[in-house]
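Q: I have a structure I would like to understand better, so I am pasting it below and will then ask my questions one at a time.
The values are calculated or read from the model by the stated rules, or taken from the named source; none is laboratory data. Everything numeric in this text was worked out from a predicted model, so none of it was measured. Glycine gets a Cβ as well: all are built from the backbone with ideal geometry, and neighbour counts include every protein chain shown.
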Amino acid sequence: MRASGKLRFWWITAAVLFLWNPMVGMRDYLPDCLGYLFLVIGLSRLSDLNDTLGESQGHFRTMLWISLGQLAAQYLIYGYLSPQEKILNRYETPGWILLFSFLFFALECWFLIQAYRTLFRGLQGLAERCGSTVHGQDRKGKTAFEKMSRFSTVFVILRGILSVIPEATTLTSYEHEVEKTTTDLYNYLGAIRALCLIPAIVLGFVWMVCWGVFLIRLQKDTDFQTALWQKYETQVLPDTGLLLNRRLGYAFLLFRVGMVCTAGLTLQGREFLPDYAAISLFLIGILLLWNLIRPKWWIFAAGAFSLAVSVAQTALGRSFFDRYSLPDAQYYEEAYDRLLILRSFSALEVVCTLLCVFGVLLLLYRMIGRHLPVDYGAGAGELSREATRKKLKEYRKRFLCIGLAEVLLATGRIANLFLEERWTWFWWIPLILTGISVLLFSILMDDLAEQFRNQYPAKQDI
């Protein structure tokens, strides 16, 4: 494998493909969360060579969680508010869209600009130390890294402004209603969105092309790539503690995102957080920790079966909602029969996902007993074993609490399948239970990460 592949530059290339597109009315057709996830993966090895890149990776990890918050906001708007527009105040939905658009624009200006600046500053530092030809200056004394940093800053700001401007027309609608203005621009929302969408697409396309040219230049500089990989081999690979903790950190991140996806939210009758995404993330995390948890074959068999059920449920859901709506099941026998099959598969999907979560928790618990024993030194064997038993008992209680939260979540999801027509607010219950389980799981992951850092310390500080 080429040095560029070993250093995971292609993950950064994949990330750019998800981050260039504009946001229209709080709709993100190429999820930014995937782009930030790919950037976190792509910087996992480069960050071992440069502190600034490690800082950038942290900012992109923050943006990953912010983008998941964007998905939740989209569900609130289009899954809950939009279906009730006829009974809500006319400013309710557009007001929320404007609020969330401005909020996430402000968060991107704070975190994402810092992420891009530290990213190119860190790459420039590596280029200076490893003698890259990309580090050369132009006539104005600017390097390619500095120009990409500046352009990315402009891109983030303009992309956000172009997404907020159309939604601000709802303010003129209110002013027009109280007779403070003569024009209600909200009536032309579609046209204004189109006018802002065109420059936003052009801007994103130019930014993506510039990224492509920049990455091609880096990949063509084989001496730079070779020097980086040699540096990684001599400084990082011998540090087994560092690599172990990096692998654990990435696997724990996948587990956390997978737990978020177990919420099972739907958007306008379609899956918003599909369970097959959660199951896939769990399986990838297990593969990353293969040597630590030593999974049995049944884990992957259960995962494959759960994936098949989830994909089948998604296909059935799309087929049903392409032809019918939920009220149609009350009037058409065919719609009722197909909805019953869909709900049966949905309930089976929830149970399979719950079993996958239990499998992950079981593997993590066994990993604790195998790799985090208490050792008081020679001559204190019995005392060490007793302390290890107490430690495992404490962790067992925490795992049981998470398992109980997941059981309640699965129960809430199944109940929501049959009560969503009568109680439209019921989806809040599984959403809240998801937040509780994710919080408990995240606290546990932070504790385990700290335990492994103490048990297997890194030789160098990153």
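Q: Can you tell me which residue is surrounded by the most Cβ atoms within 10 Å (Cβ to Cβ) among those in the range 4-48 that are farther than 18 Å from Cys210 by Cβ and β-branched (Val, Ile, Thr)?
A: Checked the range 4-48; the qualifying residue surrounded by the most Cβ atoms within 10 Å (Cβ to Cβ) is Val40.
Q: Out of Leu71, Leu64, Leu34, I need the residue that is in contact with a Pro (Cβ under 8 Å, 6 or more places away or on another chain), in the same structural domain as Phe145 (by TED's automatic domain parsing) and at pLDDT 80 or above. Which one? Break it down stepwise before answering.
A: Working: Leu64 fails: in contact with a Pro (Cβ under 8 Å, 6 or more places away or on another chain); Leu34 fails: in contact with a Pro (Cβ under 8 Å, 6 or more places away or on another chain).
After ruling out the rest, the residue left standing is Leu71.
Q: Among the residues of the range 307-359, how many are in contact with a strand residue (DSSP E or B) (Cβ under 7 Å, 6 or more places away or on another chain) and under 22 Å from Glu406 (Cβ atoms)? Show your work before the answer.
A: Our first condition is that a residue be in contact with a strand residue (DSSP E or B) (Cβ under 7 Å, 6 or more places away or on another chain); within the range 307-359, this holds for 314, 317-318, 321.
Still in the list and also under 22 Å from Glu406 (Cβ atoms): 314.
Number of matching residues: 1.
Q: Does the range 22-41 hold any residues that are in a loop (DSSP other than H, G, I, E, B) and in contact with a helix residue (DSSP H, G or I) (Cβ under 9 Å, 6 or more places away or on another chain), and which are they?
A: So the first thing to find is which residues in the range 22-41 are in a loop (DSSP other than H, G, I, E, B), and the list is 22-23, 25-26, 28-31.
Residues satisfying the conditions are Pro22, Met23, Gly25, Met26, Asp28, Leu30, Pro31.
Q: Something else now. Within the range 183-193, identify whether any single residue is in the same structural domain as Gly95 (by TED's automatic domain parsing), in contact with a strand residue (DSSP E or B) (Cβ under 8 Å, 6 or more places away or on another chain) and modelled with pLDDT under 90, and answer yes or no.
A: Our first condition is that a residue be in the same structural domain as Gly95 (by TED's automatic domain parsing); within the range 183-193, this holds for 183-193.
Checking the rest, the ones that are also in contact with a strand residue (DSSP E or B) (Cβ under 8 Å, 6 or more places away or on another chain) come to 193.
Next, from what is left, pick out any that are modelled with pLDDT under 90: 193.
Yes: one or more hits.
Q: Looking only at the range 332-358, filter to residues that are touching a Phe, Trp or Tyr at 6+ places or on another chain (Cβ under 6 Å) and aliphatic (A, V, I, L, M); which one of those is farthest from Phe418 (Cα to Cα)? Write out each step before concluding.
A: Here is the first cut: in the range 332-358, the ones touching a Phe, Trp or Tyr at 6+ places or on another chain (Cβ under 6 Å) are 335, 338, 342, 356.
Checking the rest, the ones that are also aliphatic (A, V, I, L, M) come to 335, 342.
Numbers: Ala335: 15, Leu342: 11 Å.
Once the filter is applied, the top-ranked residue is Ala335.
Q: Please verify whether the range 411-427 includes one or more residues that are in contact with a Gly (Cβ under 6 Å, 6 or more places away or on another chain), modelled with pLDDT of 80 or more, crowded, with 17+ Cβ neighbours inside 10 Å and not basic (Lys, Arg).
A: Within the range 411-427, the first condition is being in contact with a Gly (Cβ under 6 Å, 6 or more places away or on another chain), and the residues that meet it are 413.
With the extra rule that they be modelled with pLDDT of 80 or more, the set shrinks to 413.
Imposing the further condition that a residue be crowded, with 17+ Cβ neighbours inside 10 Å reduces the set to 413.
Add one more test, that the residue is not basic (Lys, Arg), and what stays is none.
No: the range 411-427 contains no residue that is in contact with a Gly (Cβ under 6 Å, 6 or more places away or on another chain), modelled with pLDDT of 80 or more, crowded, with 17+ Cβ neighbours inside 10 Å and not basic (Lys, Arg).
Q: I'd like the full set of residues that are within 16 Å of Gly264 (Cα to Cα) and either polar (S, T, N, Q) or loosely packed, with under 14 Cβ neighbours inside 10 Å (or both), limited to the range 281-307. Let's see the steps before the verdict.
A: Within the range 281-307, the subset within 16 Å of Gly264 (Cα to Cα) is 281-282, 306-307.
If the condition is that a residue be within 16 Å of Gly264 (Cα to Cα) and either polar (S, T, N, Q) or loosely packed, with under 14 Cβ neighbours inside 10 Å (or both), then Ser306 is the only one that fits.
Q: Could you list, in sequence order, all residues of the range 43-68 that are of a type in the set (A, V, I, L, M, F, W, C), assigned to a helix (DSSP H, G or I) and over 21 Å from Leu103 (Cα atoms)? Give the steps one after another, and end with the answer.
A: Kept after step one, since they are of a type in the set (A, V, I, L, M, F, W, C), are these residues of the range 43-68: 43, 46, 49, 53, 60, 63-66, 68.
Subsequent filtering for residues that are assigned to a helix (DSSP H, G or I) retains 43, 46, 53, 60, 63-66, 68.
Selection gives Leu43, Leu46, Leu53.
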